[in-house]
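So the structure is just underneath, and the comments pick up after that.
The values are calculated or read from the model by the stated rules, or taken from the named source; none is laboratory data. On a predicted model such as this, the values are computed, not experimentally measured, just so you know. Glycine also receives a Cβ, built like all others from the backbone with ideal geometry; neighbour counts cover every protein chain displayed. Note: areas computed on protein heavy atoms with side chains; ligands, DNA, RNA excluded. Shrake-Rupley method; radii C 1.70, N 1.55, O 1.52, S 1.80 Å.
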Amino acid sequence: AVVSTQSGHYGRGLLDPLQTMTLGALCLLTLLPLLQASTIERLERVRPTTWHLGMNLNPADGHIMSYTTGWTSDAFIGTYADSLTKDYLNRAVWRLPVSYIAIVRHQQGEVDAVKVFRFKEQRTMLSRFQDMNPGRDVVTEGGPIQESVSSNAQNLDDDPIFSVGGDLAFNWAYSDNGHRIVLTGGNLSPVGINDDNTHGLGNHFACDPLTGSANSVNWGHEISNIHDSCVGVTACTYSDVTTVVQGTDHGAGYHLRSGPVYGNYAIYVSKDATLFPGPGFNLELEVNVESELRFFEYEL
């Protein structure tokens, strides 16, 4: 029976003072190690993120993805089956608002080297490349947030992406020349200088770079290596230079010279992925960065 607490007794289910003191001591002993520690660890699950293949460049497949071809046309180029072996552009991916870009040099789909950059603002790739007037837009900030290169990678000394530092610049225009992707660590020709001496991905030496139209089919070239085309020339103009390109995907312009193919160059984009799998990874149309557990320590 429940006895009135007014008589000095305690009802069923209530603790007497001795029991209360005992429970408090046990709680204190349990918490003491945490209170004595200088940090507390927290376990957090990182959600999975996805990279989407937007473009692939093969500089020796017979299709020239120059400054004036593909980048702004809002059209699908290539096939899913050949997306990592030939020139390829996915129209749907090109229309996605994205914040990160990974440029991946690969050998038959196996990662050779990769750089990841953060865009200054979230936009679609299509809108970025269509924004040609005035062009010359440095689109990333802080340099690469990831750079991973295989210990077995070759031809790195003049690679247009992996031999120079800095940020990415899109639609680099000067005189009648245009380059879709270059790095600020390379030579970036001034607006009024017609020296044909900027090198990167998606190039043309006879076009209107502010509209993306070609003046001649002879001067388009897909990938050009980093080099000084004006070495030994006092007042360099386009007639003095020699431009070394990868592979055979270029026009018949007299100073364009075919060279070795260093690999295919894939462009992946993402809204929120910041890390790309490193050398040895086998690429697919979508690359999922698996969720993982991470420990964080906080000071008390």
Query raised in the report: When you look at Thr69, is it open to solvent by 40 Å² or more (accessible area, probe 1.4 Å) and closer than 22 Å to Ser127 by Cα, yes or no?
Result: yes
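Please go through segment 88-116 and give me each residue that is basic (Lys, Arg) and over 14 Å from the mean Cα position of the chain (by Cα), ordered by number. Before you say what the answer is, go through the steps one by one.
Taking segment 88-116 as the starting set, the residues that turn out to be basic (Lys, Arg) are 91, 95, 105, 115.
Once the filter is applied, which keeps residues that are basic (Lys, Arg) and over 14 Å from the mean Cα position of the chain (by Cα), segment 88-116 yields Arg91, Arg95.
Would you pick out the residues in segment 152-183 that are open to solvent by 10 Å² or more (accessible area, probe 1.4 Å) and over 18 Å from Val104 (Cα atoms)? Reasoning before the result, please.
Taking segment 152-183 as the starting set, the residues that turn out to be open to solvent by 10 Å² or more (accessible area, probe 1.4 Å) are 152-158, 162-167, 172, 175-176.
Answer for segment 152-183, where residues must be open to solvent by 10 Å² or more (accessible area, probe 1.4 Å) and over 18 Å from Val104 (Cα atoms): Trp172, Ser175, Asp176.
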Query raised in the report: Within segment 26-41, can one find any residue that is at pLDDT below 95, touching a strand residue (DSSP E or B) at 6+ places or on another chain (Cβ under 6 Å), among the aliphatic types (A, V, I, L, M) and over 19 Å from Ala169 (Cβ atoms)?
Result: yes
Query raised in the report: Can you spot a residue in segment 150-162 that is part of a strand (DSSP E or B) and under 15 Å from the mean Cα position of the chain (by Cα)?
Result: no
Report task. Output the qualifying pairs, or none if there are none: Cβ atoms under 8 angstrom, residues six or more apart or on different chains, first residue in segment 197-214 and on the phi > 0 side of the Ramachandran plot and open to solvent by 10 Å² or more (accessible area, probe 1.4 Å), second residue of a type in the set (Phe, Trp, Tyr) and part of a loop (DSSP other than H, G, I, E, B). Result -> Gly212/Tyr67; Gly212/Trp71
Query raised in the report: Name the pairs whose Cβ atoms lie under 8 Å apart, with the first residue in segment 235-249 and modelled with pLDDT under 95, the second among the hydrophobic types (A, V, I, L, M, F, W, C) and assigned to a loop (DSSP other than H, G, I, E, B), and 6 or more positions between them or separate chains?
Result: Cys236/Cys230; Tyr238/Phe205; Asp240/Cys230; Asp240/Val233; Val241/Cys230; Val241/Val233; Thr243/Phe205
